[in-house]
Amino acid sequence: MVQNPPIYASISISFEWAMNDFSSGFHPPAVPGHETKLSAEEKQPAARCEWDFSLATVVSSTANATVSDTLGVIEFDPSNTILATGGIARKIRIYTLNSLLRPQEETVHSQGKHQSIAFLDHTNACDNCIFTPAKLSSLRWKPGTGGRILGSGDYDGVVMEYDIETKLPIFERDEHGGRRVWSVDYSHSDPFLGASGSDDGTMQMWDPRCGEGGGSVAKVQPTKSRSSVCCVEFNPFGDALIAAGCADKKAYVYDVRKMVEPVHIFDGHTKTITYVRFLNAQTLVSAGTDGCLKLWNIVDSRLLRTYKGHVNSRSFVGLSVWRHGGLLGCGSENNQVFVYDTRWGEPIWVHGFEPVGRDSSDHQHAFVSSVCWRQVNEDQCTLVAGGSNGVLHVFVGKRKSDSE
């Protein structure tokens, strides 16, 4: 059963995190063509929440801003102690988890419970800030660099790598013809190997050690119509696989050793696929603007489960998987953050955001635009969600005892 916890704090919006144009809404590319018929879902037992979630911290900007600060991406570093955020404000903010989970500054009384929440300003909470030449759509920490190198994809079609300590770019790749790069990722078996997906309809792999063509290693065009490649992710569990989600409503998995034809095709969404995430070595999660998350068996491309409850028909609302806990997190266009347990198709926890910060006049248009789980192997968790006005919310969760 869905649990609706007390609403403590949240966000307002001045612009939407728009996929085609921030001033007109975050719209994934429309694709003409056939509609995919969904298979019937098996009846599932009622979902139950085995976790106590609470809002720990709200980070907003107190100063008036002349541009939107929509957060499109949140990423924990490999040590899970440092957090990076990016969006349309052309800046990368770096936070330490300790700075976000500092002692609470205010106690909120709601529904008979005292909830301690820290209200922080980005300026004071942020440990580092890097200004970028373009709006950012993707960030990913480079493995094997001790959390020092951060890769980005931007609205000008450029992939860049930044040294966090010097705040300077150390690698730049402009091979997508100026078309927006939606997603970047790195191989865990060979950290020099990166991949990017773009509005130019290609997924490209590259290696900075290769001098010519921006370090080009391979390039594939998943669809004949050159549908936008909205997301890419290497399999972090050892197999030589990379997944891509496209605006043609399908996800494709390739063997990186032979980037010719996909080895798996996942066909079940009815609109653009915005995110793909490997849950484990056997399963993959996809998100689409049809308002669904889907769990797939990688071996036989079989649909295992569909998750519904959040609202998503036009925007990128984020998708993150907490592998140890078997939980999925995503945002929603009704300005809520949703948590699903992979065992059930209904959400187990929903938290609504309320206006906070410099401007709440456009709160009715606000939505949750990005989410990220901290990947820890323990019975407590941290989920960070970002909104379309740049406000961060940090949630902590603890597994309930058997007696609860």
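Points worth noting:
- Pairs from Lys135/Lys398; Lys142/Lys258; Lys271/Lys398 whose Cα-Cα separation, in the structure shown, is over 31 Å: Lys135/Lys398; Lys271/Lys398
- Residue-count net charge about Gly245 - beta-carbon cut-off 13 Å; Lys, Arg +1, Asp, Glu -1: 0
- With distances taken between every two different alpha-carbon atoms, the stretch 124-180 has a Kirkwood hydrodynamic radius of 11.9 Å.
- Net charge of Cβ neighbours under 14 Å - reference Leu284; Lys, Arg +1; Asp, Glu -1: +1
- Amide H partners (placed H, <5 Å) of Ala56, local residues excluded: Val394, Phe395, Val396
- Listed residues His351, His264, His365 arranged by accessible area, highest first, probe 1.4 Å: His365, His264, His351
- Only protein heavy atoms count here; on that basis, with a 1.4 Å probe, Glu172 has an accessible area of about 120 Å².
- Ranking by accessible area, most exposed first, for Thr132, Thr62 with a 1.4 Å probe: Thr62, Thr132
The values are calculated or read from the model by the stated rules, or taken from the named source; none is laboratory data. Computed from a predicted structure; not experimentally measured. Note that we place each Cβ from the backbone using ideal geometry, even for glycine, and neighbour counts take in every protein chain shown. Heavy atoms of the whole protein, side chains included, go into the accessibility calculation; ligands, DNA and RNA do not. Shrake-Rupley method; radii C 1.70, N 1.55, O 1.52, S 1.80 Å.
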